[in-house]
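Heads up: the structure comes next, in structure tokens.
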Amino acid sequence: MVPRTGMSIDVRPRDLPIVLIGTGGGALALWADASPEIAIPAALLIMLDIRVRFWRGHV
């Protein structure tokens with residue numbers, strides 16, 4: 001993904017252990033009877049810290 005001028009996108013894993021996040025996401029998917037097509041993207045959104053920043057001015 002290429003951001004436009006004046007925009008910064010930061011994607012990094014959260015500070016939680018990935019095993020804990022995976023176990024919680026899997027348990028939630030089983031409890032809610034969700035399909036993997038829905039559970040996997042939701043778990044990725046929980047696992048990743050995504051920040052979008054906009055700025056103005058000269059770089």
Degrees, to the nearest 10: 36-47 long Cα axis against longest axis of the chain: 50 degrees
Value of Rg/Rh across the chain [Cα atoms, Kirkwood radius]: 1.17
Surface share of carbon and sulfur [accessible, 1.4 angstrom probe, percent] for the chain: 67 percent
Solvent-accessible heavy-atom area per residue, rounded to whole Å², over the chain at 1.4 Å: 89 Å²
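The values are calculated or read from the model by the stated rules, or taken from the named source; none is laboratory data. Please read these numbers as outputs of a predicted model, since none were measured by experiment. Keep in mind that these areas ignore ligands, DNA and RNA; they rest on the heavy atoms of the full protein, side chains included. Shrake-Rupley method; radii C 1.70, N 1.55, O 1.52, S 1.80 Å.
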